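A.B. asks: Below are the structure tokens for one structure; questions will follow.
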Amino acid sequence: MIADAQSDDGRPSLAELRHTAAHVLAYAVQDLFPDAKPTIGPAIENGFYYDFDRATPFTPEDLTRLEARMHEIVAADYPMTGREVSRSEAVDGFAANPYKVEIAREIPEGQPITLYTIGAFTDLCRGGHADTTGKIGAFKLTKVAGAYWRGDENNAMLQRIYGTAWYTQDDLDAHLHRLEE
């Protein structure tokens with residue numbers, strides 16, 4: 001079992017919180033849209049995103065449904081558990097997702113390959129998470145945009161869902177207020 005570091009006060013860093021929120025988004029997408037193939041989902045300044053390969057575009061109504069499912073996942077307070085696996089375990093486990101297979105195959109020899117699980121969702125990831133989904137205090141999905149796989153216009157066009165996550169609803173409200181101004 002792999003443990004992600006928490007601060008002295010037990011809170012994850014904002015980057016860890018946001019990266020966990022990206023996994024929660026991917027979990028929600030897989031629950032509601034099982035045809036979507038998750039690719040990558042990092043924390044970014046003021047938020048996170050996750051890219052998906054899906055033939056049908058996500059709509060504003062989809063974002064509302066996804067947020068509702070994310071709230072359920074956060075409320076469930078699932079532990080984020082990680083484990084090291086072999087390359088063949090990772091490739092076999094993600095055989096239906098060519099993006100995850102490509103990532104697993106490109107991890108250099110000697111570097112750990114890790115899978116992280118929340119609830120019924122497992123993802124290929126390096127780590128840097130909150131220890132449970134319940135640590136995500138407040139979040140909002142903000143928009144959908146197009147993004148090429150690995151930033152290369154010769155690759156597949158993916159759908160990128162952006163969001164923001166904060167320790168508290170007050171923090172989120174203040175951030176959204178700053179954006180409005």
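A.B. asks: When the accessible area of the chain is computed with all protein chains present and a 1.4 Å probe, what percentage of it is carbon and sulfur?
C.D. replies: 50 percent
A.B. asks: Which distance in nm do the two modelled labels at residue 45 and residue 33 give, with both placed 7 Å along the Cα-to-Cβ direction?
C.D. replies: Calculated label separation equals 2.7 nm.
A.B. asks: For the pair residue 157/residue 64, report the inter-label distance in nm, with labels modelled 7 Å from Cα in the Cβ direction.
C.D. replies: Placing both labels 7 Å along Cα→Cβ, they lie 2.6 nm apart.
A.B. asks: Label residue 77 and residue 54 with points 7 Å out from Cα along Cα→Cβ: what is the distance between them in nm?
C.D. replies: Using points 7 Å along Cα→Cβ, the separation is 2.9 nm.
A.B. asks: Taking the Cα atoms of the chain, report the difference between the largest and smallest coordinate on each principal axis, in whole Å and largest first.
C.D. replies: Projected onto the principal axes, the Cα atoms of the chain cover 46, 40, 26 Å.
A.B. asks: Let me check against my output: what whole-number percent is the relative contact order of the chain, with C-alpha pairs under 8 Å and at least 6 apart?
C.D. replies: 28 percent
A.B. asks: Tell me what the chain gives for mean residue ellipticity at 222 nm when only DSSP H runs of n ≥ 4 count, each as -39,500 (n - 2.57), the sum divided by the residue total, rounded to 500 deg cm²/dmol.
C.D. replies: Computed ellipticity for the chain at 222 nm equals -11000 deg cm²/dmol.
A.B. asks: Next question, about the same structure. For segment 41-181, what is the accessible area per residue in Å² when the probe is 1.4 Å?
C.D. replies: 53 Å²
A.B. asks: How much length would be gained if the chain were fully extended between residue 176 and residue 126, taking 0.36 nm per residue of separation minus their Cα-Cα distance, in nm to one decimal?
C.D. replies: Separation in residues times 0.36 nm, less the Cα-Cα distance, equals 15.0 nm.
A.B. asks: Turning to a different aspect of this structure: Where a Cα-Cα gap under 17 Å defines reach, which lysines qualify for residue 37, not counting those fewer than 8 residues away within the same chain?
C.D. replies: 100
The values are calculated or read from the model by the stated rules, or taken from the named source; none is laboratory data. No experiment lies behind these values; they were computed from the predicted model shown. Because the Cβ atoms are built from the backbone with ideal geometry, glycine has one as well, and the counts that use them run over all protein chains shown. Remember, those area values only see protein heavy atoms, side chains included, never the ligands or the DNA or RNA. Shrake-Rupley method; radii C 1.70, N 1.55, O 1.52, S 1.80 Å.
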